[in-house]
1. Being open to solvent by less than 10 Å² (accessible area, probe 1.4 Å) and touching a Leu at 6+ places or on another chain (Cβ under 6 Å) narrows it down to one residue among GLY585, GLY531, GLY550; which is it?
2. Could you go through the range 200-215 and let me know if any residue there is of a type in the set (Ser, Thr, Tyr) and at pLDDT below 75.
3. Looking at (1) closer than 15 Å to VAL248 by Cβ; (2) modelled with pLDDT under 90, can you tell me which one ALA96 breaks?
4. In this structure, is PHE491 over 24 Å from TRP598 (Cα atoms) and of a type in the set (Phe, Trp, Tyr)?
5. Does LEU559 qualify as being in a helix (DSSP H, G or I) and closer than 18 Å to LEU473 by Cβ?
6. Need a quick list: helices (runs of 4 or more DSSP H) entirely within the range 451-526 having at least 2 residues that are among the aromatic types (Phe, Trp, Tyr), open to solvent by less than 10 Å² (accessible area, probe 1.4 Å) and touching a residue at least 12 places away in the same chain (Cβ under 8 Å).
7. Keeping to the range 281-300, report how many residues are of a type in the set (Gly, Ala, Ser), under 25 Å from the mean Cα position of the chain (by Cα) and surrounded by 18 or more Cβ atoms within 10 Å (Cβ to Cβ).
Amino acid sequence: MSAIHSVIDHKQNKRSRFRLVKKDLLPLYFCLGLPLLIMAFVFVYPLVYSFVLSFTNAHLMRPNVDFVGLRNFIRVLNDHRVWHSVRITLTYAAGAMVLQFVVGFALALLIDYIGVVRGILRTLIVIPLMLTPVVVGVIWRTMLNYDFGIVNYFVRLLGFQPIDWIYNPDLALPALIAISAWGGVPFVMLVLSAGLAALPREPFESAQIDGASSWQTLRYLTIPMLRPVIMVVVIFRSYQLLREFDVVFTLTKGGPARATETLTYHIYARMFEAGQIGISAAIAYLLFFITLAIVVFLFTQLERGDQELVASTGTDSLLGRSPVRLLRKRIVFIINLPLRIAVGLIDLLADYLGKAMSWGVNAMRRGQVAPAVGRRERRRIGVVVASIIVGGWVIFALSPVFWIYISSVKEPPDVFKIPPKWIFTPTLHNYEVVLGMKYGTEAELSMEGVKPPLSRFREYIFNSVFISGSTTLINITAGMLAAYALVRLRFRGKELVLVGMLFTRMVPPIMLILPIFLIWRQLGLLGTYHGLALAYLSFGLPFSIWMMRGYLLDIPADLEEAAMVDGSSRLGAFFRVTLPLAAPGLAATAVFNFIGTWNEFFFAIILGNNQIKTVTVEILTYVTDYAILFGRLFAAAGLILLPIIIFTFFVQKYIATGLTGGALKG
């Protein structure tokens with residue numbers, strides 16, 4: 001009987017413990033459920049709404065909507081203007097990708113070879129990566145100006161005629177590609193540097209012992225081993241370039257003669273200038289399918305490399321897993337890695353390029369019957385050459401930032417003087433005008449000739465700070481709790497939830513902006529703070545969840561269990577144990593959320609409805625078809641970039657630690 005009673009007691013205790021566990025897990029389900037509801041409202045519902053609109057003849061100026069079936073898609077497929085935009089988009093993405101990859105990879109090699117002052121170089125080179133895209137477009141537009149641009153000033157110094165970079169149909173697209181590559185080079189360099197640092201040293205040491213040259217080592221050892229990271233860079237940057245809007249809008253607006261009309265800008269023009277909602281939705285899905293096809297093609301190349309790796313090592317790959325897990329792992333590999341290791345300059349492979357350069361110098365000296373150059377001397381020569389190249393790139397990369405701030409402290413008549421006035425007495429006049437402390441001058445107003453009211457830029461700074469701060473707070477709070485629930489919970493459909501969150505990174509924002517605009521208009525959210533902040537959650541919240549999930553996977557669950565044994569609840573253990581350990585990741589996530597929201601332009605210009613303006617929208621008012629208010633433009637750009645540069649310098653260490661932590665988790 002005693003044995004029977006012990007069995008019964010054991011079963012009762014087991015059921016009791018099970019009920020306690022279920023009760024303890026209820027807060028985690030709530031932490032996950034609330035962010036999922038937010039995502040369903042700001043992402044899933046607009047996405048479905050957009051899909052429905054693509055089968056209608058909806059128009060911004062007509063209240064009646066009729067179902068037209070596949071008529072919109074058939075019309076799109078027979079539209080020459082659409083296919084022209086597809087060709088421009090593919091040319092732009094491919095050209096910018098190739099250019100920034102070649103330059104970024106070369107810089108990664110050179111910086112690692114130099115070996116000293118890596119921290120300073122990393123901080124300087126990463127600045128263009130953090131700059132506000134709309135400011136980049138506006139400033140490059142002024143720098144490339146035919147009459148007053150600083151670029152044409154140097155062209156004249158070289159003895160050539162000035163070049164019409166923006167309004168020449170043959171040059172506008174190459175100029176756009178070059179500017180996009182300038183902004184993307186830091187990301188490519190940083191990710192490849194981190195990938196190089198993760199490679200094992202043994203194969204390279206063996207190759208050196210066997211007498212392999214630097215080029216042979218690079219061609220037959222480094223590049224094949226670096227293949228996954230290279231594919232990450234290519235895939236990530238490719239779908240970013242395919243949906244680029246800000247720089248195109250501010251630099252060329254699709255012109256001249258539609259020479260730079262990418263598919264994203266074409267959708268915007270059809271949607272908000274022509275009012276063709278149904279057609280625009282259909283074109284947006286065409287862009288999505290093109291992006292998806294390119295990603296799948298690139299993944300087949302990556303999978304082929306994985307199969308070769310499995311055949312050579314005998315290790316398991318992604319092929320032997322369930323379809324849902326396989327899809328999630330693939331999307332994680334595309335998105336999670338570059339978002340986490342975007343800052344990571346650690347030394348390894350660059351010395352091969354330096355050895356190759358010093359070998360060339362050594363060969364030339366031997367040809368002149370000079371004594372053999374020793375290893376240390378070759379190293380010095382390589383460092384000098386690499387430093388000159390990297391220094392030249394740093395000067396070029398930071399020249400727009402330098403031009404912004406040096407022009408912002410000039411008197412308005414001196415800002416656009418050609419030749420530039422290099423020696424002058426600095427003044428804060430432009431900042432005082434922009435901040436609404438005084439009126440501008442007639443010379444500053446150029447062709448307009450009318451003194452406007454005092455600037456309201458301080459109000460727009462408050463708008464940006466308030467919206468960015470509130471959105472960041474919601475993102476990191478909800479994202480942290482949801483990520484914690486995803487790490488600790490075990491439930492059916494978890495893989496589908498993760499795939500759905502990562503899917504958000506593949507969807508072009510242009511697909512969501514119109515349905516969100518229509519929904520917000522019905523709910524009265526247009527031109528409101530909470531309307532903009534809520535819309536920003538559509539992409540910020542999934543990003544925060546995945547960032548924080550990577551950090552939490554590195555924290556052992558045993559620490560929480562020990563706290564719970566001591567009497568703490570699960571959420572109590574989370575706040576007392578897990579949250580302090582995840583603080584670096586939380587800080588990095590918050591910084592990236594704030595910067596992303598601060599830099600946001602596309603949603604702000606449409607959903608702000610001219611009632612709530614942010615600084616990225618206001619800066620466009622200084623560049624019109626009639627005049628360019630140079631002094632105000634540069635001062636406003638300097639104010640917009642100032643928080644970004646401060647974050648880059650003072651929080652860079654935490655960004656690097658945060659982005660690297662948990663990069664391979666998923």
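The values are calculated or read from the model by the stated rules, or taken from the named source; none is laboratory data. Fair warning: this is a prediction, and the values are worked out from it, not measured in the lab. Note that we place each Cβ from the backbone using ideal geometry, even for glycine, and neighbour counts take in every protein chain shown. Keep in mind that these areas ignore ligands, DNA and RNA; they rest on the heavy atoms of the full protein, side chains included. Shrake-Rupley method; radii C 1.70, N 1.55, O 1.52, S 1.80 Å.
1. Among GLY585, GLY531, GLY550, only GLY531 is open to solvent by less than 10 Å² (accessible area, probe 1.4 Å) and touching a Leu at 6+ places or on another chain (Cβ under 6 Å).
2. Just the residues of the range 200-215 that are of a type in the set (Ser, Thr, Tyr), to begin with: 206, 213-214.
Subsequent filtering for residues that are at pLDDT below 75 retains 213-214.
Taking every residue of the range 200-215 in turn, at least one turns out to be of a type in the set (Ser, Thr, Tyr) and at pLDDT below 75.
3. The failed condition is (2).
4. Working: over 24 Å from TRP598 (Cα atoms): yes; of a type in the set (Phe, Trp, Tyr): yes.
Here the answer is yes, as PHE491 does meet what is asked.
5. Considered against the rule, which asks whether it is in a helix (DSSP H, G or I) and closer than 18 Å to LEU473 by Cβ, LEU559 comes out as no.
6. Details: elements: 457-488, 494-503, 510-523.
Once the helices (runs of 4 or more DSSP H) in the range 451-526 are filtered for at least 2 residues that are among the aromatic types (Phe, Trp, Tyr), open to solvent by less than 10 Å² (accessible area, probe 1.4 Å) and touching a residue at least 12 places away in the same chain (Cβ under 8 Å), what remains is 457-488.
7. The number of residues fulfilling the criteria is 2.
Residue-wise test of (1) hydrophobic (A, V, I, L, M, F, W, C); (2) open to solvent by 20 Å² or more (accessible area, probe 1.4 Å); (3) within 17 Å of ALA274 (Cβ to Cβ); (4) in contact with a Ser or Thr (Cβ under 6 Å, 6 or more places away or on another chain).
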site	(1), (2), (3), (4)
LEU53	yes, no, yes, no
THR56	no, no, yes, no
HIS59	no, yes, yes, no
LEU70	yes, yes, no, no
ILE74	yes, yes, no, no
VAL82	yes, no, yes, no
THR89	no, no, no, yes
GLY95	no, yes, no, no
VAL102	yes, yes, no, no
